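Coordinate-derived values only; no laboratory data. Quantities reported herein were computed from a predicted structural model and do not represent experimental measurements. Glycine also receives a Cβ, built like all others from the backbone with ideal geometry; neighbour counts cover every protein chain displayed.
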Amino acid sequence: MHSSTTTAPSPTPAAPVPAAGGRLITPRAPARPSAAAAFHSVSAATTVLLGLVAIGAMIHEPVLIPPLAASAALVHSAPTLPLAQPRGVVIGHLLGAACGFAVLAVAGSSAWAAAVAAGLTLALLTLARTPHSPAVATAVITVLQTPAPARFVPLLFGSTVLLVLTGYAGSRIRRTAPRYPAYWW
């Protein structure tokens with residue numbers, strides 16, 4: 001028998017959950033963060049993205065790509081989710097790039113090939129236990145924009161490590177912030 005203070009996690013955020021007496025309830029959206037917490041998350045994500053733009057400007061190479069902006073949002077706004085953990089962020093983007101380059105080599109650059117690369121990336125992320133949805137977009141970007149691997153991969157790796165490190169640092173600046181990461185590997 002369950003204690004009155006024990007709650008079972010819901011299987012999905014929108015799925016009805018059995019309540020006492022067999023009644024089904026639908027969970028609600030998460031609580032709105034405090035103004036300080038929202039400011040902290042938004043300013044940390046914006047700062048790291050501006051840092052990526054600055055690095056790109058210094059080396060005359062685009063470093064900020066849309067999937068990294070999505071990763072920054074996850075790391076800084078939802079630091080406890082599995083999608084935001086370092087394993088998924090770093091390895092996920094590298095797997096996405098690898099799938100993108102592999103599909104690019106076999107099928108060339110097209111929207112069809114990008115869709116295949118996205119599906120393959122999702123499969124690899126699942127098998128590798130590295131959930132990170134923005135990494136699927138990295139595969140698409142790789143196929144559609146055909147970057148030079150020797151430049152793209154090191155910049156992608158460095159960018160993801162920077163996102164993780166700023167998530168770590170940001171979670172220690174504000175005492176009441178959830179600690180990031182929930183796990184490293």
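Quick notes on this one:
- In this structure, VAL106 and SER133 have a Cβ-Cβ separation that, at R0 = 30 Å, corresponds to a calculated FRET efficiency of about 0.80.
- Of interest is the spacing of the C-alpha centroids, which for the stretch 122-168 and the stretch 15-86 amounts to 16 Å.
- Across the stretch 132-138, coupling constants 3J(HN,Hα) worked out from phi with the 6.51/-1.76/1.60 Karplus curve, θ = phi - 60°, read 6, 4, x, 5, 5, 5, 4 Hz, and Gly and Pro carry x.
- Helix 111-127 vs. the chain, principal-axis angle (Cα, 0 to 90°, nearest 10): 50
- Calculated mean residue ellipticity at 222 nm for the chain: -20000 deg cm²/dmol, from DSSP H runs with n ≥ 4 weighted as -39500 (n - 2.57), summed, divided by the residue count and rounded to 500.
- Taking label points 7 Å from Cα along the Cα-to-Cβ direction, THR46 and THR126 give a separation of 3.8 nm.
- Rounded to the nearest Hz, the phi-derived 3J(HN,Hα) couplings of the stretch 26-31 under the Karplus curve 6.51 cos²θ - 1.76 cosθ + 1.60 (θ = phi - 60°) are 9, x, 9, 4, x, 4, where x marks glycine and proline.
- A Förster radius of 30 Å, combined with the Cβ-Cβ distance separating MET58 from LEU144, puts the computed FRET efficiency at roughly 0.70.
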